Amino acid sequence: MRVRITPGSRLRGSLAVPGDKSIAHRWLILATTAQDSSHLLGVPASLDIRSTASCLARLAPKGRPGLEAWSGNGAATPHGHGSTWNAQVGGAPDALLEVEGEGWPGLAEAAENLDCGNSGTAMRLLAGVTAAAPFRSVLTGDESLATRPMERVAEPLRAMGATVATTDGHAPIVVHGGALSGITYATPVPTAQVKSAVLVAGLRAEGPTTVREPAPTRDHTEVALAALGVPIERDGTSVTIEPFQHRGFEGRVPGDPSSAAFLVAAAALTGSELTITGVGLNPTRTRFLDVMARMGVRTEARVDRTELGEPVGDLWVAPCEGVRATRVSEDELPLVVDEVPILAMMATHAAGDTWFLDAGELRVKESDRLAALARGIADLGGAGGVEGDDLVVAGAGLTGGTAYAGGDHRIAMAFVVAALAAGAPVEVDDVGVADVSFPGFVPALVALGASIEVLG
Ligand code: S3P
């Protein structure tokens, strides 16, 4: 899908964003491995979540009907080698996803490969699940996922006792799971995916499992495990759990703050006031609001409930009179890792240079995001570049042009939002890839008042 954005519109209104991808992956896994049934609302229709649901359907005979109805019974990739899928089922925020669990012993060898599509979180978390399941599983993914590093998750799972073979460090991954022992593992890079894979496997290990991180990362796994009664101790950046068989649960997946970030930026760049309702406000996910506050964007977040331990509420964005440059330090980066694309594109409109320090992890996301950002900024008439592992963006404005998202959902959305404040119309190609995390992204902006024409 190619779109043309005409800058200059004001946005107005209030809306909800699709459910949180990170939380939904975890809840689907925990529902499938629970002892009895779970009832989930707000599970997003995003392609990544359909991939996880379809893999779990293959592993869990009893959970299969609910999971298959959700996943459309096929791998979900932005370039669509999946099957047709009923948007009515997965798309409606109030659609109920019921997953029947039979505990960990209810998992069975899948007849087919587990196709994780475009999703690194699906692949790494499912590596943890299959490491604890006493049979052979093969995890595959699309072209982008097959380039991403997988030894980082294979190594600790081997140390726990699973046999895990990567393909030169990448997917496909062949896992022979079985009896595991708890370990103490220090992750060399801050990564919530690896931490979560080890903790999930630790639910079935003999003895306690500890993960230590070099810097804090999102803690949705720890939050959910604690809410499910798993014995868990947290101390700074260290977490220890004991093996546990959890029961089923109920919850509504909070709106995805990483999707909300695009709308906050859109409001800020157009001087608009906006309310985003029912969004996840877990502090390990809202650090981007602190960065945006330094850039001059005033927001107010009000927690009004919790869902399986996760804080949820509304987020209000005040009209902004212009954005400023900032510096995102190496300590802060892991907590805004998914928001760097939108923060960087906002920074093209800031007065001064914005730095993102030690951002090398962005090279191994859905695309090489440092290269994609530098290229897109140049294509749209802005200025910025990569210096070692740092990204610097000059607040020179965007003069307009055409940019290509390169199969990366967050890059696509960041280009579209930055275009709302460009000096001339902008075209962005490959915007359909936004469905990976934010189905309905373009219609949502149009409903708020943005001038975006779909060219085909
Ligand atoms: C995620 C963790 C992050 C993030 C990804 C989702 C998760 O990846 O970039 O979008 O759900 O655990 P890393 O753990 O590789 O940093």
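Could you list LYS195, LYS365 in order of exposure, starting from the residue whose Cβ has the fewest other Cβ atoms within 10 Å? List each step's numbers first, then the result.
Working: LYS195 26, LYS365 20.
Ascending number of Cβ neighbours within 10 Å: LYS365, LYS195.
Determine the equivalent ellipsoid of the range 345-456 by diagonalising the alpha-carbon gyration tensor, then write out the semi-axes as square roots of 5 times the eigenvalues, largest first, rounded to whole Å.
Numbers: eigenvalues 101, 58, 25 Å².
Gyration-tensor ellipsoid for the range 345-456: 22, 17, 11 Å.
The base-10 log of I(q)/I(0) for the range 400-455, evaluated at q = 0.29 Å⁻¹, reads -1.34 [Debye formula, identical scatterers on Cα atoms, solvent excluded].
Checking every one of the GluC sites (Glu not before Pro) in the range 295-355 against DSSP loop status and a limit of 11 other Cβ atoms within 10 Å picks out GLU321. In the range 129-149, which residues have a backbone nitrogen under 12 Å from the label point lying 7 Å from ALA165's Cα in the Cα-to-Cβ direction? Correct set: 137-138. For the range 21-252, pairs of C-alpha atoms spaced more than 24 angstrom apart make up 37 percent of the total. Pair-distance distribution of the chain: all C-alpha pairs, bin width 10 Å, starting at 0; shares per bin in whole percent are 5, 22, 33, 26, 12, 2, 0. Annotation: the antiparallel percentage among DSSP beta bridges lying fully within the range 21-252 is about 65.
Quickly estimate the mean residue ellipticity at 222 nm for the chain, helices only: each DSSP H run with n ≥ 4 gives -39500 (n - 2.57), and the total goes over all residues, rounded to 500. Provide the component values of the computation, followed by the final result.
Numbers: 14 runs with 138 residues, N = 456.
When only DSSP H runs of four or more count, the value is -9000 deg cm²/dmol.
We did not get these values from a lab; they are worked out from the coordinates using the rules stated. Note that the coordinates shown come from a computational prediction; the quantities given were computed from them, not determined experimentally. Don't worry about glycine lacking a Cβ; one is built from the backbone with ideal geometry, like all the others, and counts go over all protein chains shown.
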